[in-house]
1. Checking A351 against (1) touching a Pro at 6+ places or on another chain (Cβ under 9 Å); (2) closer than 25 Å to T48 by Cα: exactly one of these is not met. Which one?
2. Select from the stretch 322-377 the residues that are on the phi > 0 side of the Ramachandran plot and buried (at least 18 other Cβ atoms within 10 Å of the Cβ) and list them in ascending order.
3. Residues that are within 29 Å of Q255 (Cα to Cα), within 18 Å of the chain's Cα centre (by Cα) and either in the same structural domain as T88 (by TED's automatic domain parsing) or at pLDDT 90 or above (or both): does the stretch 191-203 have at least one?
4. Any idea which residue in the stretch 323-363 is farthest from A296 (Cα to Cα), counting only those that are touching a Gly at 6+ places or on another chain (Cβ under 6 Å) and among the β-branched types (V, I, T)?
5. Hey, can you tell me all the residues within the stretch 117-139 that are without any contact (Cβ under 8 Å) to a residue 24 or more places away in the chain and under 12 Å from V61 (Cβ atoms)?
6. Could you run through the stretch 70-96 and say how many residues are in contact (Cβ under 8 Å) with a residue 60 or more places away in the chain and assigned to a strand (DSSP E or B)?
7. Taking the conditions exactly as written (part of a helix (DSSP H, G or I) and at pLDDT 80 or above), does A233 satisfy them or not?
8. Listed residues A151, A108; which is under 16 Å from T206 (Cβ atoms), within 15 Å of the chain's Cα centre (by Cα) and not charged (D, E, K, R)?
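The values are calculated or read from the model by the stated rules, or taken from the named source; none is laboratory data. Small disclaimer: the values here were computed from a predicted structure and weren't measured. Ideal geometry is used to build each Cβ from the backbone, glycine not excepted, and the neighbour counts take in all protein chains shown.
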Amino acid sequence: MSAALGAGGVLLIAQDQAPRQPVIARTTLPVQAIYDKVEPSVVDVTATLRYDGETAEGTGVIINAARALVLTNNHVVRDATQVAVTITDTGRQYPARVVGADVTADVALLQLPGATGLAAATIGNSSTVATGTSVLAIGNRAGAGGKPADAPGVISGLGQTIQASDASSGFTETLHDMFQTSAHIAPGYSGGPLANSAGQVIGMDTASGTGEPGANGYAIPIDVALAAARLIAAGHAAPGVVIGPRGFLGVVIPQSAATSPQQAGGYPSPSRTDPAKSQSAAACLPTTAAATPPAALAPVRSGALVEGVLCGTGAAAAGLAAGDVITAADGQPVTSAKELTAIIDGYRPGALVRITWVTTSGARQARLVRLDAAPAA
């Protein structure tokens with residue numbers, strides 16, 4: 001079974017790890033009445049990914065009008081450096097603040113500072129949903145904006161597990177306990193409402209499936225999504241939950257726990273001497289470029305290898321370069337890339353952090369670096 005996340009054309013492979021359940025006969029669905037009730041709470045979400053040089057389009061649902069809180073998928077705003085929201089019913093646009101995300105549940109919570117006169121969705125009880133329940137998926141099809149599209153269908157499976165991967169970035173995720181629906185959840189629907197015949201939101205559109213009848217879409221049950229949103233809104237730390245903006249150094253590092261910089265980067269020896277395939281030590285990475293293997297590596301046995309430095313960041317201003325190895329951050333020893341990430345994640349944007357590193361020539365450097373705001377988790 002294959003599927004695609006409902007934003008940005010992201011591809012995924014889905015595996016059904018729950019027994020397939022029979023689908024009962026479909027009832028007539030009052031599509032227009034449901035749409036008219038739900039649509040005022042629907043928003044278009046535009047995420048700017050500055051360091052990827054891209055934008056992503058998706059959907060969201062207003063769940064608290066007084067606090068201007070919007071629920072969406074984390075993959076809609078993942079890596080975003082700026083998020084904007086458009087109220088589809090009125091066309092009003094607002095900058096959005098990412099309050100936080102539950103990465104493992106693929107749930108993000110946004111807030112629209114200064115927004116008033118919003119309409120919140122009517123929330124249903126997803127624990128009572130059964131196979132054969134008539135539903136209507138609503139979303140920003142293909143990121144086109146304007147009035148959202150809709151797709152009727154039924155719930156065709158409960159408790160489904162899907163395994164997702166983004167072909168362009170290599171991002172993968174596994175989501176559990178999903179609703180499977182015959183409603184065609186198209187790219188751009190991600191974060192949008194899945195409503196029942198009473199116009200109550202019982203799920204959040206998340207993935208679209210292809211190639212198999214009755215497996216056209218997947219949604220996160222609304223009870224699950226709101227449980228994650230409440231933790232985020234309350235600022236409660238939990239496994240997989242990221243609260244508020246984090247500090248960002250601006251270096252590209254291997255995602256590895258290896259203490260050896262050579263092993264972390266997958267390099268067979270302490271230095272590389274192929275300048276035709278290597279990043280210049282003096283260069284920074286523009287937002288649309290990818291890091292290439294550094295021409296040489298600092299002569300140290302442990303630390304966080306810098307594979308690239310992003311232009312316009314604190315790291316670039318401090319003079320860090322590809323091939324350098326960071327050995328300490330704010331006085332705390334750094335023996336691996338994952339240790340550096342854990343330390344920097346503990347600081348807020350604007351914080352000054354002393355970074356110590358060894359250059360490719362073996363010189364030891366230390367600078368105070370002002371952290372930027374990290375892209376969304």
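1. Condition not satisfied by A351: (1).
2. G323 - this is the single residue of the stretch 322-377 that is on the phi > 0 side of the Ramachandran plot and buried (at least 18 other Cβ atoms within 10 Å of the Cβ).
3. Yes, because at least one residue in the stretch 191-203 is within 29 Å of Q255 (Cα to Cα), within 18 Å of the chain's Cα centre (by Cα) and either in the same structural domain as T88 (by TED's automatic domain parsing) or at pLDDT 90 or above (or both).
4. Top of the filtered list is I344.
5. None - no residue of the stretch 117-139 is without any contact (Cβ under 8 Å) to a residue 24 or more places away in the chain and under 12 Å from V61 (Cβ atoms), so the list stays empty.
6. Within the stretch 70-96, residues that are in contact (Cβ under 8 Å) with a residue 60 or more places away in the chain and assigned to a strand (DSSP E or B) number 3.
7. Yes; evaluated as a whole, the condition is true for this residue.
8. Answer to the check: A108.
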